[in-house]
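Asks: Here's a structure for you.
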Amino acid sequence: MDLSGWQRFTELTAEQQTPEAVQAWLELFLTAEERAAVTDRLLIVQALLCSDKPQRQIAKELGVSIAKITRGSNYLKTLSDEQVASLKEILS
């Protein structure tokens, strides 16, 4: 992945002034499938952080593979305690 391109994309996304502008911006660059994948990831991270449910139950309830849950869980393990606390606060 071209990190300079990704950085520029995230900077331009952050410059959007309203939720409507962010939505229009992301719809321009992300396909419906990509937006669905981002949505799944958000719901996975939220469930992992804000519930005590087993991963298999989360996968079943969200209709995603256990592999997706595992990838989300493994990524969360790379975050600092402060980052995890911040995410929990945002997502709860």
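Values quoted throughout were computed directly from the atomic coordinates according to the rules given, and no laboratory measurement underlies them. Since we're looking at a predicted model, the values are computed, not measured. Cβ placement follows ideal geometry from the backbone for every residue including glycine, while neighbour counts extend to all protein chains displayed.
Asks: Kindly identify the chain as rounded, prolate or oblate by the Cα gyration tensor criterion: order the square roots of the eigenvalues as a ≥ b ≥ c, call it rounded if a/c is under 1.5, otherwise compare a/b with b/c, prolate if a/b is larger, else oblate.
Replies: Working: a/c = 1.88, a/b = 1.56, b/c = 1.20.
Cα axes put the chain in the prolate bin.
Asks: For residue 37 and residue 77, FRET efficiency with R0 = 22 Å and r from the beta-carbon atoms, rounded to 0.05? Kindly include the intermediate steps, with their values, before the conclusion.
Replies: Values: r = 21 Å, r/R0 = 0.94.
Given R0 = 22 Å and the Cβ-Cβ separation, E is 0.60.
Asks: Let me ask something additional. Per DSSP H run of n ≥ 4, the term is -39500 (n - 2.57); total these for the chain, divide by its residue number, and report the mean residue ellipticity at 222 nm rounded to 500 deg cm²/dmol.
Replies: On the way: 6 runs with 72 residues, N = 92.
Roughly -24500 deg cm²/dmol at 222 nm, from the helical runs in the chain.
Asks: Of the listed peptides 67-73, 37-43, what is their order by residue-averaged count of other C-beta atoms within 10 Å, with the highest listed first?
Replies: Details: 67-73: 16.1, 37-43: 14.0.
The most tightly packed comes first, giving 67-73, 37-43.
Asks: Still on this structure: Can you give me the span-like helices of the chain, meaning DSSP H runs with 18 Å or more of Cα extent along the axis and Kyte-Doolittle mean at or above 0.5? If you can, show how the numbers build up before the last one.
Replies: Values: long enough: 32-50 (26 Å, 0.74).
TM-like helix candidates: 32-50.
Asks: Relative to the present Cα-Cα distance, how much length would full extension add between residue 17 and residue 70 at 0.36 nm per residue of separation?
Replies: Numbers: separation 53, 0.36 × 53 = 19.08 nm, distance 3.44 nm.
So the extension gain works out to 15.6 nm.
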